[in-house]
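> Pasting in a structure now, in structure tokens, and then I'll have a few things to ask.
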Amino acid sequence: MRVARVLLVEDNPIMCRLVCSALEAEDIQVTQAHAGAQALGLWAAEPTDLVLQDLRLPDMDGCELVRQLRRLPGGAEVPILALCGLLSEPEEARMSAAGFNDVIVKPLEASQLRQVVRSHLPSRSASLKRFGEG
């Protein structure tokens, strides 16, 4: 059984530790990027099942990064979830138009994070069934 891979794009070290400990406890492999350019490089270097991305990055706007990720090979299929504080209605509309699949509002609890991430990952049991067994 293949381990799920999550790309975490976050520049806050405390948030990185929280997300990594919560997901790694569920046997989810987390790769960290602390800036948009680094995330683009990591995307090209290894397959990713899901992206967790902060909106405020040191080198680019989070909405611009999600647009760039969506244009890369496989980018249309991979769920990209925004990590952010409370949003106004115009900010929510901008994020939806940029291509995020979901929003996780900070501060977040480990159980909530695991639940949302699992809901966007492909089912492990579905990959174990052979064609015609369902």
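The values are calculated or read from the model by the stated rules, or taken from the named source; none is laboratory data. Small disclaimer: the values here were computed from a predicted structure and weren't measured. Backbone-built Cβ (ideal geometry, glycine too); neighbour counts: all protein chains shown. Ligands, DNA and RNA are excluded from the accessible area calculation, which covers all protein heavy atoms including side chains. Shrake-Rupley method; radii C 1.70, N 1.55, O 1.52, S 1.80 Å.
> Out of (1) assigned to a helix (DSSP H, G or I); (2) more than 11 Å from the chain's Cα centre (by Cα), the odd one out for Ala76 is which?
Of the numbered conditions (1) assigned to a helix (DSSP H, G or I); (2) more than 11 Å from the chain's Cα centre (by Cα), the odd one out for Ala76 is (1).
> Something else: Could you tell me which residue of region 20-29 is farthest from the chain's Cα centre (by Cα), considering only residues that are hydrophobic (A, V, I, L, M, F, W, C) and either on the phi > 0 side of the Ramachandran plot or open to solvent by less than 60 Å² (accessible area, probe 1.4 Å) (or both)?
Checked region 20-29; the qualifying residue farthest from the chain's Cα centre (by Cα) is Ala22.
> Being over 19 Å from Cys63 (Cα atoms) and among the β-branched types (Val, Ile, Thr) is the filter here; which residues of region 1-47 pass it?
Scanning region 1-47 gives Val3, Ile14, Val19, Ile28, Val30, Thr31.
> In region 30-64, how many are surrounded by fewer than 16 Cβ atoms within 10 Å (Cβ to Cβ), in a strand (DSSP E or B) and modelled with pLDDT of 95 or more?
The number of residues fulfilling the criteria is 0.
> Continuing with the same structure: Within region 93-113, how many residues are within 16 Å of Gln68 (Cβ to Cβ), part of a helix (DSSP H, G or I) and open to solvent by less than 80 Å² (accessible area, probe 1.4 Å)?
Looking only at that region, the number is 2.
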